[in-house]
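Inspection log for the structure reproduced underneath, given as structure tokens.
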Protein chains: 2
Amino acid sequence: MMKAIRFYPPAFDIRVESVPVPRIQHPDDAIVKVALAGLCGSDLHIYRGHGGVTQVHTCGHEFVGEVVELGSSFEQAVDGRPALYAKLKIGDKVVSPFTSNCGECSVCRLGYTCRCPSGFLFGSPSLDGGQAQYVRVPYAGGTLFNLSDPSTWSSSMPAAAKEQALSAITDSSLLLLADILPTGVFAALQALNHPKVLPAITGKPWPSMIAADSDAVATMKPEDQILTFAIIGLGPVGLCASVSLIDMLETQRLQYQIIAVDPVESRRDKAQTIYDKIKSSGSASGKFAALSIEEARETVKTWTAGTGCTAVLEVVGNNSALSLAYDLVRAFGVITSVGVHGSPAVPFVGSQLYNKNVSFDFGRCPARAMFPMAFDLLVKRQDIFGSVGDSASLVEKVVSADEAVEYYAAFNDSKIGKVLFDMQV
Amino acid sequence: MMKAIRFYPPAFDIRVESVPVPRIQHPDDAIVKVALAGLCGSDLHIYRGHGGVTQVHTCGHEFVGEVVELGSSFEQAVDGRPALYAKLKIGDKVVSPFTSNCGECSVCRLGYTCRCPSGFLFGSPSLDGGQAQYVRVPYAGGTLFNLSDPSTWSSSMPAAAKEQALSAITDSSLLLLADILPTGVFAALQALNHPKVLPAITGKPWPSMIAADSDAVATMKPEDQILTFAIIGLGPVGLCASVSLIDMLETQRLQYQIIAVDPVESRRDKAQTIYDKIKSSGSASGKFAALSIEEARETVKTWTAGTGCTAVLEVVGNNSALSLAYDLVRAFGVITSVGVHGSPAVPFVGSQLYNKNVSFDFGRCPARAMFPMAFDLLVKRQDIFGSVGDSASLVEKVVSADEAVEYYAAFNDSKIGKVLFDMQV
């Protein structure tokens, strides 16, 4: 038997219970002994009863741990199957993305792992989650990242550098790989790589930046290459998006200004503290301001001479955030929405979208596919991601699983930020 | 005095009248003597009274003609101004995009010419249109394309080749540059260059195709690189999008299948005839089918094993077309919408967009910026664009301006396809 944090419908009912340890059900399964499990904002959808969930299940889609049992598929290499089926061993340290994915179908092969037709969301009625001492991972060879053997997921970092990086990295920061860090990186990556953003990045006007033989209407001026971004929502994912965006902009030596927006002062303070920390390490040269919604509206106008943002990262998942994103974005701008949107109709009429030539990228992060990029950032910015409980930390506290009931309630009431459960104490 | 086709509110009231010839009002103006003026589907918005237009004005936003008068800005070169202010001469043959644009502001410098804050739509209450014997073009140095002097708009084509191309090109095909051809090219260009389409094009999965040091989850198979497109709406713009898309796919030697969708049989027939003509010239190797809506739904399923289209080009501008585009597109697919959308709310709830990871590119074509690309295609495919009145022609008939009243009515009743007015007979 094992300890597990379980949800009882219809809402607000979390119980820490003793349940059977999961077993291998399929040759591709792995059983992972969970070290740390995260409590995520999207867990609150189910907690509050918004998901319409009617089934008791084990919560949690963020976990890091150690492989303790493997199905028979892991016994020998089979040509064409994901490398992990040949290489994963008992005792390896692993982190899982928030959904399982086979890693073999056409959707996974294109890198769209979060939409694998065989995949399930951990911590849902379809698949018991990681807020337990043990968790069963389906299609484990396609799903898991093997932290103990970087050769299985990265070719760009020398093996010695990887090992050194892994030894210096904290367990609580590895947990961020499960969801929030890759989701932040995904938002930043989409915003920076959209064709409508490329003229400002490349200095070549539309469409000559993608059609080399197409001559420009006019010559761009240096000020046309200042990129302005808004990040709406400064919860943990918004903060990850902010760190990732700054890192990409600095790596590409671009000129930028970022307006980080949240109605909650403590979240703005954290965003500003994180930016200041990056700046003090010499890695942030752009403008940055963490602002309330009304301040943001004014500042976007002032900083862009009324034109609006090059791109807006929407990391909230409701219509107020989408409408604000529309108001802040420039004509021919991009809205990258990684917020989890629900059943309300989107708040736009067709002419608004036509008249502003808006582009949108909606949807869930393919966390498994984003892992190598997210891991690089995690290593690079351990000063931000490695800490627990200080003013720049994404993780506020690590607590015992036995305290789950009170911490679910406190998290739901915004009395505490990101909490991790230590599942083995 | 001159002949002009004028709109009288509230609706269905077109009059061919004698009005004063326009004069230079600003040093940047040019007066163009119109040879041909087009009747476009979007003219019907005003004609039907949908635009809420309450002012009498001269119609038309598609015209090709000859410069007969220039403002004083064209007398000498001024450093930093568009080349045309120094180079445009009386007698030069010009075509105008459907909106004016200054060519100098930050919006124009980025190539987003159709959203120039100083620009106006020709043939609207703000700016008299081109269905007249003469038309005043504001910011003419930023707006016009000088067909007589290709050095002002293209550096890639040798001068001799350009002159030869121009001499072989028909006037009625040049008219297509004003709106429908660049709009079709714009739709195809956006669809093919979206990051979510790049994995299938490059053979490198998300996100390694844009983040070179990011290792892929799995190896792609050859069949993952077959691109499937739907084009919804086979009016003149949809046909241009189809020709442009095929040209880009062939140039890049990509494997593709295109499903062209329209409820009207005669439009499907024309789309199929055009494809067959391209194929018979040896320039189309992909699969192509022009289908009704229900046939398209089935065929997308069959051709993609249920996955859906890589990208959908929406060239209609209403909610039925947007909803169909959503149904046909794959998860992590792209919807490029160049249809002119009106006041209805867009027909999606947030979870639909999140759950399918859909991307949208909405909005109007920056026709002035797209001109060099569109012109190259016009030259390349004179076999399609150069004809009038045959089964593969985009232009159905060239008529006298005196017949405007009956042709507006016939066009409104779908009794005739694209009509051009010869303004000088």
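The values are calculated or read from the model by the stated rules, or taken from the named source; none is laboratory data. Quantities reported herein were computed from a predicted structural model and do not represent experimental measurements. Note: ideal-geometry Cβ built from the backbone for every residue, glycine included; neighbour counts use all protein chains shown. Each accessible area value is taken on the protein alone, full model and side chains, heavy atoms only, with ligands, DNA and RNA left out. Shrake-Rupley method; radii C 1.70, N 1.55, O 1.52, S 1.80 Å.
If R0 is taken as 41 Å, the Cβ-Cβ distance between residue A:405 and residue A:287 corresponds to a FRET efficiency of 0.40. For the stretch A:67-120, the gyration tensor built on C-alpha atoms gives an oblate shape. Its axis ratio a/c (a ≥ b ≥ c) is at least 1.5, and a/b is not larger than b/c.
Per residue, the convex hull spanned by the alpha carbons of the stretch B:134-217 comes to 169 Å³.
Using the alpha-carbon positions of the stretch B:141-276, Rg (one decimal) and Dmax (whole number) come out as 18.5, 53 Å.
Each listed q (0.27 Å⁻¹) maps to a log10 I(q)/I(0) for the stretch B:381-425, found by the Debye formula over equal Cα scatterers with no solvent: -0.95. When the P(r) of the stretch B:171-229 is calculated, the portion above 16 Å amounts to 55% of the C-alpha pairs. Shielding of peptide B:366-372 by partners, expressed as the average count of other chain Cβ atoms within 10 Å per residue Cβ, is 5. Calculate how many DSSP beta bridges within chain A are antiparallel, expressed in % of all such bridges and rounded to the nearest 5. Here the share of antiparallel DSSP bridges comes out near 50 percent.
For the peptides B:231-238, A:76-83, what is the packing order when you average, over each peptide's residues, the other Cβ atoms within 10 Å and list the highest mean first?
Values: B:231-238: 27.0, A:76-83: 13.0.
For the peptides B:231-238, A:76-83, the packing ranking is B:231-238, A:76-83.
With the simple spin-label model, which puts each label point 7 Å out from Cα in the Cβ direction, the residue B:44 to residue A:212 separation comes to 4.2 nm. Neighbouring Cβ atoms from other chains, within 10 Å of the Cβ of residues in A:330-337, number 4 on average. Per residue, the accessible area of the stretch A:1-156 comes to 37 Å² when a 1.4 Å probe rolls over the protein heavy atoms.
Beta-bridge orientation, the protein assembly as shown: approximately 50 percent antiparallel, per DSSP, counting only bridges with both partners inside. Look at the Cα gyration tensor of the protein assembly as shown: its axes a ≥ b ≥ c give a/c of at least 1.5 with a/b over b/c, and that counts as prolate. The residue B:355 and residue A:72 beta-carbon pair, evaluated with R₀ = 41 Å, returns a calculated FRET efficiency of approximately 0.75.
In chain A, the DSSP-assigned H stretches of four residues or longer account for a calculated mean residue ellipticity at 222 nm of -9000 deg cm²/dmol, using -39500 (n - 2.57) per stretch and the full residue count as denominator.
Report the local net charge at residue B:17: Lys and Arg +1, Asp and Glu -1, summed over other residues whose C-beta lies under 9 Å from its C-beta. Taking every other residue near residue B:17 into account, the sum is +3.
With the contact rule set at Cα under 8 Å and sequence spacing of 6 or more, what percent relative contact order holds for the stretch B:1-107?
On the way: 181 pairs, mean separation 28.3, N = 107.
Over the stretch B:1-107, the number comes to 26 percent.
By the equivalent-ellipsoid construction on the alpha carbon gyration tensor, chain A comes out with semi-axes of 37, 25, 21 Å, ordered largest to smallest.
Quick one: length gained pulling residue A:18 to residue A:305 fully straight, 0.36 nm per residue minus the C-alpha distance?
On the way: separation 287, 0.36 × 287 = 103.32 nm, distance 6.02 nm.
Full extension from residue A:18 to residue A:305 adds 97.3 nm.
Determine the shielding of peptide A:201-214 by partner chains: average, over its residues, the number of Cβ atoms on other chains within 10 angstrom of each Cβ. Don't skip to the end; give the middle numbers.
Values: counts 0, 0, 0, 2, 8, 9, 12, 4, 3, 4, 9, 1, 7, 15.
Averaged over the peptide's residues, the number is 5.
Overall, chain A carries a charge dipole of about 520 debye about its Cα centre when +1 sits on the Cβ of Lys and Arg and -1 on the Cβ of Asp and Glu, all other atoms neutral. P(r) tail, the stretch A:259-310: Cα-Cα pairs separated by more than 18 Å, 37% of all pairs.
Once you list every other residue whose beta carbon is under 14 Å from the beta carbon of residue B:288, what net charge do they have if Lys and Arg are +1 and Asp and Glu are -1? All intermediate terms of the calculation are to be shown ahead of the outcome.
Working: positive: B:268, B:270, B:277, B:279, B:287; negative: B:247, B:250, B:262, B:269, B:276, B:295.
Summing Lys/Arg as +1 and Asp/Glu as -1 gives -1.
Each principal axis of the stretch B:313-397 carries a Cα extent, and these read 46, 25, 25 Å when sorted largest first.
Against the globular-protein guess of 2.2 N^0.38 Å, express the Cα radius of gyration of the stretch B:1-131 as a ratio, rounded to two decimals. Don't skip to the end; give the middle numbers.
Numbers: Rg = 15.6 Å, N = 131, 2.2 N^0.38 = 14.0 Å.
For the stretch B:1-131, the normalised Cα radius of gyration is 1.11.
Net charge near residue B:69, counting Lys/Arg +1 and Asp/Glu -1 over other residues with Cβ under 13 Å of its Cβ? Provide the component values of the computation, followed by the final result.
Details: positive: B:23, B:33, B:89, B:136; negative: B:28, B:29, B:66, B:75, B:92.
Once positives and negatives cancel, what remains is -1.
Could you sort the residues of the stretch A:221-249 by number and keep only those whose accessible area is reduced by 50 Å² or more in the all-protein-chain setting relative to the chain alone, 1.4 Å probe? Buried on complex formation: A:224. Spatial offset of the stretch B:350-425 relative to the stretch A:48-127 amounts to 50 Å, using the alpha carbon center of each.
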